[in-house]
1. What is the log10 of I(q)/I(0) for the stretch 38-135, computed with the Debye formula using one identical point scatterer on each Cα and no solvent, at q = 0.15 Å⁻¹?
2. With r defined as the distance between the Cβ atoms of Leu42 and Lys143 and R0 fixed at 41 Å, what FRET efficiency is calculated, to the nearest 0.05?
3. Would you compute the Debye intensity of the stretch 83-144 from its alpha-carbon atoms alone, equal scatterers and no solvent, and pass along log10 I(q)/I(0) at q = 0.15, 0.20, 0.24, 0.30 Å⁻¹ to two decimals?
4. Please give me the summed charge of the neighbours of Gly74: other residues whose Cβ is under 13 Å from its Cβ, Lys and Arg +1, Asp and Glu -1.
5. If you plug each phi of the stretch 64-70 into the Karplus form 6.51 cos²θ - 1.76 cosθ + 1.60 with θ = phi - 60°, what whole-Hz ³J(HN,Hα) values come out, in order, with x for Gly and Pro?
6. With only alpha-carbon pairs counted, each pair once and no self-pairs, how large is the Kirkwood hydrodynamic radius of the stretch 72-113 in angstroms?
Amino acid sequence: MKKSKANIYIAIIIVAAAGLLAFPYYTNNKGTNKSNLPSYALRNSQVKEAYVFASENKDLLSHIPCYCGCGNIGHESAYNCFVKEEKADGNIEWEEHGSGCGTCYNIVLDSKELLEQGKSATEIRDYIDNKYSQYGNPTNTPKP
């Protein structure tokens, strides 16, 4: 009986250790772990926050335009200012543009704040359009 309990404890320890080892792999490959963000995304806390939020909120940000003029470089939404592509396996190819553009990261941080307040995607889009339209032409972004 003692040997059986010992085997159960060993199995529990192995499963727990495997889970602890797998967690950093998962978060690194999702691109939201600090160690996986590119150095330009770490230039200050606001930029880092914008990159993390963008990587976790594609569904929202793909409906939020950017007003910095980046539509001229092929961006279709605020999401594209931070994420160039999310691969099928969850890995992210980052876009450097958002790290150096205050308009880009402020749009994303405003979107984050509004989402945390419980605003809908449509309400967030309307707010961003009203606040930032004075700065230039928006990306060609579909409405939610």
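1. Per q value, in the given order, log10 I(q)/I(0) is -0.52.
2. On the way: r = 33 Å, r/R0 = 0.80.
The computed FRET efficiency comes out at 0.80.
3. The Cα Debye sum returns log10 ratios of -0.57, -0.95, -1.14, -1.21.
4. On the way: positive: Lys84; negative: Glu76, Glu85, Glu95.
Net local charge, Gly74 excluded: -2.
5. Values per residue, Gly and Pro as x: 10, x, 10, 10, 8, x, 6 Hz.
6. Working: mean 1/r = 0.0922 Å⁻¹.
Evaluated on the stretch 72-113, it is 10.8 Å.
Rule-based calculations on the coordinates, nothing more; no lab input. Quantities reported herein were computed from a predicted structural model and do not represent experimental measurements. A quick note on method: Cβ atoms are made from the backbone with ideal geometry, for glycine too, and the neighbour counts reach across all protein chains shown.
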